[in-house]
Amino acid sequence: MAVTRFCVRTYEQDLRIFPSLAARISLIIFGLVLLGLPFFVGKYVVFVACVCGVSVISALGLNILTGYTGLISLGHAAFMGIGAYTAAILSSKAGFPFVAALPLAGLMAAAIGAVVGVPTLRLKGLYLVVTTLAFQFITEHVIYHWESLTLSDRGIILPSPALLGYKLDTYESFYYVILFFAVAAAMFTKNLAMSRTGRAFVAVRDRDIAAEIIGIHLAKYKILAFVISSFIAGLAGALYAYLMGLIGPDHFTFNQSILYIAMIIVGGLGTVFGSVIGAVFMVLLPEVISAVTGPIASAYPTFSPRVGAISVIVYGLVIIGFLLFEPDGLFGIWIKIKRYWKPWPFTY
Amino acid sequence: MKKKVLRFGMAILCILGVSFFAMANVQAEVGVTKDKILFGSFQDMSGPGAYLGKQCSAALAVWKKWVNEDLGGIHGRKVDFVIEDMKYDPVLTKTAFTKLVHQHKVFAIITVYGSTPCTAILEDIKREKIPVFTTAATTQNMFDPPIRYLFWYACSDEDNGIMMVDYLVNDLKVKNPKLGVVYQDDEWGKSALKGVKLGAKKYGLKVASSAYKRGSKNLNAQAMKMKAKGVTHCFYAGYAPVYANLLKEANKIGWKPVFFGDYVTVDPRAFMAGKLAHGHYHFFSLGMRHERGPGWIKMEKLFADKLGEETAKGPLGWRIMPMMWTPLLFLTQALEDCGRDLTREKLVDALESIQDFDSGGLGKIQYGPNIRKGTHYYRVLQCDAEKKDFFPVTGWRQPSILYGSKERPVAK
């Protein structure tokens, strides 16, 4: 019998990732749409889909740290940058293939994540935020000034990625790689959240002293959250670098870190669905605004700065609106919709 | 009977095949229809460079009106353009580029700027083979090594830096000058330092340098450092208000070198320092408004009609307006040279082949085979604080050193 999460009867049912038949069918249809996307849309839409995919992976990584474990990080873009530069340097200077550069990028970010995670043993709240902020600025500074390695403003050009001798030099082909990793990251996060480790993360987030009393090793789980989060961020950074073909210091700035925080807040903290939909929403929002304001700016160029300012205001208002009226984010809205339709056609 | 049918079928196939190839051959270039040429541009409309976006958008609007109404189009085609907002962000620039190329299907991309945004799409420009005319980014990779489809038109701080030392040694004939460079700590500033060092090396001189963070407003520490090093001739690369602050700080601590400002300091805001700005030197690749060249008069009129007298004669007109307008005039000439059968490749060839283009005193612009650096000539200007203007003290000249990652051909 198909069940929903609202009426589970056994632990086995509760542990299922997709508990209802409807959810499984919807997922299959959604998967087919994603697989067929490059065949029905233009290059531009595929490129935007790739950016969405990378953002989803990165947002999932941040959600493990911030959403599940409650450790707020303003240095997420820095971890992405470390992954991106590791992949770029390994592939362009040392000739590493895509399949080798990608995991190494994740590992490098994870190793640095472990180091950055150490202060979290003594810091939390705003103090941790400031620490990660400092890490963000240090990373930006190093990327900018270690010119012999990073080429500073000139950026590093990456070779086209190849998989099993097949060159992934089009957005369409690389889209499937990103899609694979996005699905893998979502599955991993979902499973992690339902595992002992994930539940320990949540316990640390909700009350760390209580978690320690019930036997959760705080140091281990806090650092582990940093390591996993930064590994995923590093992986996303590497994919991003291959997608862009060229990376520079301005790709991984503080603003990007803020953007990822906004993604998980708008989507819904501590949920996989929230990370996915939040990332997609935040990537598509400027595109939607641009689709409306672009023709106006082209038709009346002298008004273009005002049009641009309006787009920024709309962007900001949307985020403020979510924080004020729907703190659970898009995930919260989704749950409300589901609950509304669940007893349909009855009112309650 | 069967043979007849077969022959008939073969003939039809041949006709269809030939027609297909013939149609393919007469099919117009992307973005070009029988009555319109569609251009694209990405501008910062809401980011840190929004002031530039406004000016570039205005220049494009003026150009469109001028070509379509005054010239009656180009070979019977009107020009049109699409602008995408890139917020001075590399990812959004790449998105905007992809949208312009694949969704709007523009013929070429025109009037763009910014090292970070333009660097982000270098590889895409090569891959898509779409002309980008012109970029005003400061980094050397915009023109060296040259990319067939990317044309650069701005001032180079490397050139300015070399010219400073050339001018000191050959014109001012200063004996044993102590050179200094105060520069913004980014690629722009670093290129200035590189230029001065190249010049200094040629003449056997040493250079002291002091960087400041982008966004700094006070250069007290830099002035102190330069004074301590005994710098007598100081090159400055950065924005004019910060330059004015450097002059004030230098005056405060009693350090009185001769300053050489790069092209960005040729800006009315340099006079925020009052009389302290007087007599110092600047490098510039464009004509000056007070010279009243015919190109200037015409440009001012066109911009005034579109944007109003005040805007056209304000700071916009000082540097940005000719920097954007001169390449658009050049592009118009190249489009006319291509004839009715317009293709991207033809446009690139036409842009390469125009020699001795007369901009009417706006500034020199020239490309050539494998030359994608459009600015080669500069003049040394001297600041007159009383008249609040800059006046040339030399003719047009090139820096004495050809720098670059490989031997680059230069325009004559």
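With the cut-off at under 14 Å, measuring from each backbone N in segment B:261-297 to a point 7 Å along the Cα-to-Cβ line of B:D384 picks out B:278-280, B:288-292. Label-to-label distance, B:E291 versus B:Q355, with points set 7 angstrom from Cα along the beta-carbon direction: 2.2 nm. Treating each Cα of chain B as an identical point scatterer and summing with the Debye formula, the log10 of I(q)/I(0) at q = 0.07, 0.09, 0.10 Å⁻¹ comes to -0.37, -0.57, -0.69. The length gained on full extension between B:D305 and B:R340, counted as 0.36 nm times the residue separation minus their Cα-Cα distance, comes to 9.6 nm.
On full extension, the segment bounded by A:L149 and A:H217 gains 20.6 nm, given 0.36 nm per residue less the C-alpha separation. Hydrodynamic estimate: the Kirkwood radius of segment A:1-132 over Cα pairs, inserted into Stokes-Einstein at 4 °C and 1.567 mPa s, corresponds to D of 71 µm²/s.
By the Stokes-Einstein formula, at 1.306 mPa s and 10 °C, segment A:179-293 with its Kirkwood radius over alpha-carbon pairs has D equal to 99 µm²/s. Just to be sure I understand the curve: with the Debye formula and one point per C-alpha of segment B:92-156, what is log10 I(q)/I(0) at q = 0.27, 0.29, 0.30 Å⁻¹? Here the Debye-derived log intensity ratios amount to -1.30, -1.49, -1.58. About its Cα centre, chain A has a charge dipole of approximately 920 debye under the convention of +1 per Lys or Arg Cβ and -1 per Asp or Glu Cβ, with nothing else charged. Estimated purely from DSSP H runs of n ≥ 4, each contributing -39500 (n - 2.57), the mean residue ellipticity at 222 nm for chain B is -12500 deg cm²/dmol once divided by its residues. In the calculated pair distance distribution of segment A:146-196, what percentage of Cα-Cα distances lie above 11 Å? The answer is 77 percent, as a whole percent. Radius of gyration (Cα atoms) of segment A:45-341, expressed as a multiple of 2.2 N^0.38 Å: 1.01.
Pairs over the 31 Å Cα-Cα cut-off, from the set B:K227/B:K387; B:K64/B:K388; B:K197/B:K252: B:K64/B:K388.
Histogrammed with a bin width of 10 Å, the alpha carbon distances of segment A:110-257 distribute as 10, 30, 32, 21, 7, 0 percent, first bin at zero. Bridgeable lysines around B:K87 (alpha carbons under 18 Å apart, same-chain partners fewer than 8 residues away excluded): B:K54, B:K99.
Applying the Kirkwood pairwise sum to the alpha-carbon positions of the protein assembly as shown produces a hydrodynamic radius of 28.7 angstrom. Label-to-label distance, A:L27 versus A:D14, with points set 7 angstrom from Cα along the beta-carbon direction: 1.9 nm. Most tightly packed first, judged by the mean number of other beta-carbon atoms within 10 Å of their residues, the peptides A:271-283, B:368-380, A:204-216 read A:271-283, B:368-380, A:204-216.
Ordering B:H104, B:H282 by the number of other Cβ atoms within 10 Å of each residue's own Cβ, fewest first, gives B:H104, B:H282. One quarter of the convex hull surface built on the alpha carbon atoms of segment B:43-159 amounts to 7.7 nm², the projected area averaged over directions.
Taking every DSSP bridge with both residues inside chain B, close to 30 percent are antiparallel. Phi angles across segment A:269-281 convert, under the Karplus curve 6.51 cos²θ - 1.76 cosθ + 1.60 with θ = phi - 60°, into 3J(HN,Hα) values of 5, x, 9, 5, 4, x, 4, 5, 6, x, 5, 5, 4 Hz, Gly and Pro given as x. Dividing the helix sum by the residues of chain A, where each DSSP H run of 4 or more adds -39500 (n - 2.57), gives a mean residue ellipticity at 222 nm of -24000 deg cm²/dmol. Whole-Hz Karplus values for segment A:98-104 come out as 3, 5, 8, 5, 5, x, 5 Hz, taken residue by residue from phi with 6.51 cos²θ - 1.76 cosθ + 1.60 and θ = phi - 60°; glycine and proline positions read x. Close Lys pairs in segment A:45-341 (alpha-carbon distance under 21 Å; sequence gap of 8 or more, or different chains): 7. Counting only other chain Cβ atoms within 10 Å of each residue's Cβ, the peptide A:43-54 averages 3.
About its Cα centre, segment B:22-142 has a charge dipole of approximately 180 debye under the convention of +1 per Lys or Arg Cβ and -1 per Asp or Glu Cβ, with nothing else charged.
Candidates A:I143, A:V312, A:A77 compared by Cα position along the dipole of segment A:45-341: farthest toward the positive end lies A:A77, with charges placed on Cβ.
Simple spin-label model, 7 Å along Cα-to-Cβ: A:A94 to B:N220 in nm? Each label point is offset 7 Å from its Cα along the Cβ direction, giving 4.7 nm. For segment A:45-341, the relative contact order comes to 33 percent (Cα pairs under 8 Å, sequence separation of at least 6).
In chain A, taking the dipole from charged Cβ atoms about the Cα centre, the farthest positive-side position among A:G294, A:I213, A:A184 is held by A:I213.
Quick note: the coordinates plus some simple rules give every number you see, no bench work behind them. Quantities reported herein were computed from a predicted structural model and do not represent experimental measurements. Don't worry about glycine lacking a Cβ; one is built from the backbone with ideal geometry, like all the others, and counts go over all protein chains shown.
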